[in-house]
Amino acid sequence: MCGPAQCHNPIHCIVPPHMLRVMALRGDASVQQMARALLHQNEEVRDERAERMTGGLVPEDGRSGLFVSSALARSVPDRHVCDRRIHDGEGKAALPGRLVRGEGDAPTGDPEVDRAYDGAGTVFELYSEAFGRNSLDGAGVPLTATVHHRRNYNNAFWNGTQMAYGDGDQKIFRTFTELSVIGHEMSHGVVQYSGGLLYQGQSGALNESVADVFGTMTVQRKLDQDVYAADWLVGAGILGPDINGRALRSMKAPGTAYHDALLGQDPQPYHMDLYVDTTDDNGGVHINSGIPNHAFYLYCMYLGGNAWERPGQVWYRALQQINNPMATFHDWAAETMDAAIALFGAGSCEQVMLRRAWRLVGIAC
Amino acid sequence: MMIEVASSGGFGGIAAGGMSKQLDVTDPSSQQPYCETFDPDALSRLADKAGHPSAADLQTYTIAVTDDDNRRHVFRLREDALPPEMLDLIDAM
Ligand SMILES: [Zn+2]
């Protein structure tokens, strides 16, 4: 059993060790690798302090057997204080690198540093003001990021504790400190502290989709754009100057973000009939995320207004409640339906339109 | 000794976003860091290392080492399994 004094990673609290061992024995290669990683992590954290549990799952008030993320369980909002720590990797791989801008420090003049700082603040505001969440873990964890990570590095990532942004090679990518990218990476942290979605297959694609949804929502709220004014692009403007493409992904029209001799065609599907079965990319996590991404876009089109209001509240509540790191697209759709009913009532416009949005991407719920 | 390194995956999910490099270690004395770091036994130990289960958008590296006996050893490793010194050597290749 995974007791509260032994566990700090929410996933360990959800998947019992015996199940992980079965998965490590019987799963296919990717599931085995995932289960071994979780078991290994469990051993490593056994002696860590119990207070590092913050952000894990806790029993929901008065409802025995139900668990929600600790961020959602807090009934009285804490005072939210943003604590940004931007580091310069100086072209090397060691993390986090040299601290160059802490909270309240003046701009450095380095555009990458200052965009990472400002962007982290904007994402923090979204979660705090629109969702009542105090930072990534719901308990005010500092926002640590590294810019200038490695040389000509064509990537940005969340490594479980911090964000890192490469400068790109200036051919395929020109930067990664664009606001939707920053929102995307930080939202992987929120997913982690909300019970987690395993980074493989459909649950991994859901993890990616949630990161895209809240990444684009960050941009829309910053620009005060309603759902009709928004471009629904992820990574707009980060592709190199000679690349034929507007962005990395389009939630409005998955599969159309780029079409380029070097990059090929954007591979994202918008419907379950076009679901891509692949072993690459952790089972296509950046590909099939197009399906739930498009469902969110359609839902927003049906409801109108601002994405971070009714549609965003439904998605956020579903993330806090789902308690299933191996969720399928169908599981997620069902959870969003439950969230819409809880927030707006059975038979509400918000519930009816949500069912319609999911049906349009080939998911009945 | 021949070292081949290719990366894939990451935030973009674009194959072309990765890199492919190779290094022919003809002078082990001047390229000692590469010989030590890309020793197949050392790489094998790294392959057993588990990364953070909630990490996202990390790249995957395929590292092939052909030793002096012409045996080819291939490893597939997630980015966070590689120590920073090794990643710096890859960037310098
Ligand atoms: Zn991602």
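Per residue of peptide A:275-287, the mean number of Cβ atoms on other chains within 10 Å of the residue Cβ is 3. Once the C-beta distance of A:Tyr228 and A:Glu103 is scaled by a Förster radius of 35 Å, the resulting FRET efficiency is 0.50 to the nearest 0.05. Taking amide hydrogens as placed 1.01 Å from N in the peptide plane, the amide H of A:Thr256 sits under 5 Å from those of A:Ser250, each at least 5 positions away in sequence or on another chain. Mean partner shielding of peptide B:3-12, defined as the number of other chain Cβ atoms within 10 Å of each residue Cβ, is 6. Computed with a 1.4 Å probe over protein heavy atoms only, the accessible area of A:Thr278 comes to about 40 Å².
Past 25 Å, Cα to Cα, is the threshold; run A:Lys171/B:Lys49; A:Lys92/B:Lys21; A:Lys92/A:Lys171 against it and keep the listed order. Display every interim value, and only then the final one.
Numbers: A:Lys171/B:Lys49 33 Å; A:Lys92/B:Lys21 18 Å; A:Lys92/A:Lys171 20 Å.
Check vs 25 Å cut-off fails for A:Lys171/B:Lys49.
Taking each pair of different alpha-carbon atoms in the stretch A:78-119 once, compute 1/r for the pair, average those values, and report the inverse of that mean as the Kirkwood hydrodynamic radius in Å to one decimal. Answer for the stretch A:78-119: a Kirkwood hydrodynamic radius of 11.1 Å.
Can you tell me the FRET efficiency between A:Ala253 and B:Met93 if r is taken as the Cβ-Cβ distance and R0 is 51 Å, rounded to the nearest 0.05?
After rounding to 0.05, the efficiency reads 0.85.
Shown here for the stretch A:81-177: trypsin sites (Lys or Arg not before Pro) in loop regions (DSSP other than H, G, I, E, B) with at most 10 other Cβ atoms within 10 Å, of which there are none.
Extension gain, B:Ala42-B:Ser29: 0.36 nm per intervening residue step, less the Cα-Cα distance, totals 2.8 nm. A 1.4 Å probe over all protein chains sorts A:Glu112, A:Glu90 by accessible area into A:Glu90, A:Glu112, starting with the largest.
Rounded, prolate or oblate: pick one for the stretch A:307-365, where a ≥ b ≥ c are the square roots of the eigenvalues of its C-alpha gyration tensor, a/c under 1.5 means rounded, and failing that, prolate if a/b is larger than b/c, else oblate. Here the stretch A:307-365 falls in the oblate category.
Just tell me how shielded B:16-23 is by partners: mean number of partner chain Cβ atoms within 10 Å of each residue's Cβ, no decimals.
On the way: counts 9, 10, 3, 4, 0, 0, 0, 0.
Across the residues of B:16-23, the mean count of other-chain Cβ atoms within 10 Å is 3.
Its DSSP H runs of at least 4 residues, each contributing -39,500 (n - 2.57), put the calculated 222 nm mean residue ellipticity of chain B at -6500 deg cm²/dmol, to the nearest 500. Ranking B:Lys49, B:Lys21 by solvent-accessible area of protein heavy atoms (1.4 Å probe, all protein chains present), from largest to smallest, gives B:Lys49, B:Lys21.
Around the amide H of A:Val100, modelled in the peptide plane, lie the amide H atoms of A:Ile86, A:His87, A:Asp88, all under 5 Å away and 5 or more residues distant in sequence or on another chain.
With all protein chains in place and ligands, DNA and RNA left out, the 1.4 Å accessible area ranks A:His149, B:His73 as B:His73, A:His149, largest first.
Normalised by residue number, the volume inside the convex hull of the Cα atoms of chain B is 90 Å³ per residue.
The values are calculated or read from the model by the stated rules, or taken from the named source; none is laboratory data. For clarity, every value in this text was computed on a predicted model and none was experimentally measured. Reconstructed Cβ throughout: ideal geometry from the backbone, glycine too, with neighbour counts over all protein chains shown. The protein model used for the area step is the full one, side chains on, heavy atoms only, and it has no ligands, DNA or RNA in it. Shrake-Rupley method; radii C 1.70, N 1.55, O 1.52, S 1.80 Å.
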